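Some notes on the structure that comes next.
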């Protein structure tokens, strides 16, 4: 059986994006964030392709996420960004990034002779030891590998918090003296060499997102979304469509009901009227706007006089920056929200 939804994932584009971030990272080693099942595109396929390119460091959220992946391939290191939580078990090839005193104590009790990493929060106030009162003595006896932090505003090259966090992290590195340090994800890499340290962790940019303006024109789209038309109907002036009858025909036209909705990650933000510009799709060189509200499993498009019918396919506008502007959703939401009803085709 053929699914009425297709997700085409260009692994060559993924690899090209990683190579660009690796070049931008210069002498720093370049890893890859593959949390949330490779940002929704399939962690196994992403890891496999990037490992072929020479990537050796892969960042997941939890040990559970890594367990779902399976055994760590030889020569690779998987990192658990959320640290070593109560109930986690040791796994070969996995390095926890410890974020709290309780996690350090737990690791020291269970595996004091094994490598761990540590994260210090330098201004995001989300996860990690607080930089203001961080005491390096808490790391005594640990086999520390890399000291990490994370930038809060790397998507904005002019935000003063970037330089503030950089200064704080430099001071911490000097104080702790770790074997390696890591600060930059996709956006941070684009801020320049001062932010790269020893290891970079690109995420969004690998998958076709634009982390800040410096990446525009260099990062290639990776994912494209196609959905099949279920039904086409003729509409007269004044006819309405969709929940709430929020769309009304201003001219004679045709509507195509398509097999995609918010259960598939095509969220209500694409609705017309909506919080932003609304979504669109295309076929045969023509572009068609969403008509009315996106439903759970269906979305209506105004196809005008286009020669389309039941069983034909529409290409959703899913270039991440464009789709983000249309829907008011972040590029991260657009990627990680894709559901599991798609037929995934890897090229």
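The values are calculated or read from the model by the stated rules, or taken from the named source; none is laboratory data. What you see is a predicted model, and the numbers here were worked out from it, not measured in a lab. As a convention, Cβ positions derive from the backbone with ideal geometry for all residues, glycine included, and neighbour counts pool all protein chains shown.
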Are there helices (runs of 4 or more DSSP H) fully within the stretch 89-197 with at least 3 residues that are touching a residue at least 60 places away in the same chain (Cβ under 8 Å)? List them.
186-190
With respect to residue 310, is the statement that it is surrounded by fewer than 24 Cβ atoms within 10 Å (Cβ to Cβ) and either under 15 Å from residue 233 (Cβ atoms) or in contact with a helix residue (DSSP H, G or I) (Cβ under 6 Å, 6 or more places away or on another chain) (or both) true?
yes
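Listed here are the residues, each with its yes/no results for (1) over 19 Å from residue 199 (Cα atoms); (2) in a helix (DSSP H, G or I).
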site	(1), (2)
3	yes, no
7	yes, no
21	no, yes
49	yes, yes
52	no, yes
58	no, no
74	yes, no
Regarding the stretch 31-44, can at least one residue be identified that is surrounded by 20 or more Cβ atoms within 10 Å (Cβ to Cβ) and over 18 Å from residue 209 (Cα atoms)?
no
Between 209, 261, 205, which is touching a residue at least 24 places away in the same chain (Cβ under 8 Å), over 16 Å from residue 19 (Cβ atoms) and in contact with a helix residue (DSSP H, G or I) (Cβ under 6 Å, 6 or more places away or on another chain)?
209
Evaluation of residue 289 against (1) closer than 30 Å to residue 215 by Cβ; (2) modelled with pLDDT of 95 or more; (3) within 22 Å of the chain's Cα centre (by Cα) (one fails), failing number:
(3)
Among the residues of the stretch 320-340, is there at least one that is over 21 Å from the mean Cα position of the chain (by Cα), closer than 30 Å to residue 186 by Cβ and either at pLDDT 95 or above or assigned by TED's automatic domain parsing to the domain that holds residue 35 (or both)?
no
Just wondering, is there one or more residues in the stretch 218-237 that are touching a residue at least 24 places away in the same chain (Cβ under 8 Å), over 17 Å from residue 46 (Cβ atoms) and out of contact with any strand residue (DSSP E or B) (no Cβ under 6 Å at 6 or more places or on another chain)?
yes
Those residues that are crowded, with 18+ Cβ neighbours inside 10 Å and either in contact with a helix residue (DSSP H, G or I) (Cβ under 6 Å, 6 or more places away or on another chain) or closer than 24 Å to residue 6 by Cα (or both), I need them from the stretch 229-253; list them, please.
229, 242
For the stretch 284-307, indicate whether the set of residues that are assigned to a loop (DSSP other than H, G, I, E, B), under 23 Å from residue 39 (Cβ atoms) and in contact with a strand residue (DSSP E or B) (Cβ under 7 Å, 6 or more places away or on another chain) is non-empty.
no
Taking residue 210 as the residue in question, decide whether it is under 20 Å from the mean Cα position of the chain (by Cα) and in a loop (DSSP other than H, G, I, E, B).
yes
Looking for whichever is modelled with pLDDT of 95 or more, over 30 Å from residue 123 (Cα atoms) and under 19 Å from the mean Cα position of the chain (by Cα) here; the options are 220, 201, 233, 251. Which one fits?
220
Would the stretch 242-253 turn up any residue that is within 26 Å of residue 341 (Cα to Cα) and outside any strand (DSSP E or B)?
yes
May I ask you to say which residue of 71, 67, 51, 92 is closer than 21 Å to residue 209 by Cα, in the same structural domain as residue 113 (by TED's automatic domain parsing), out of contact with any helix residue (DSSP H, G or I) (no Cβ under 9 Å at 6 or more places or on another chain) and surrounded by fewer than 20 Cβ atoms within 10 Å (Cβ to Cβ)?
51
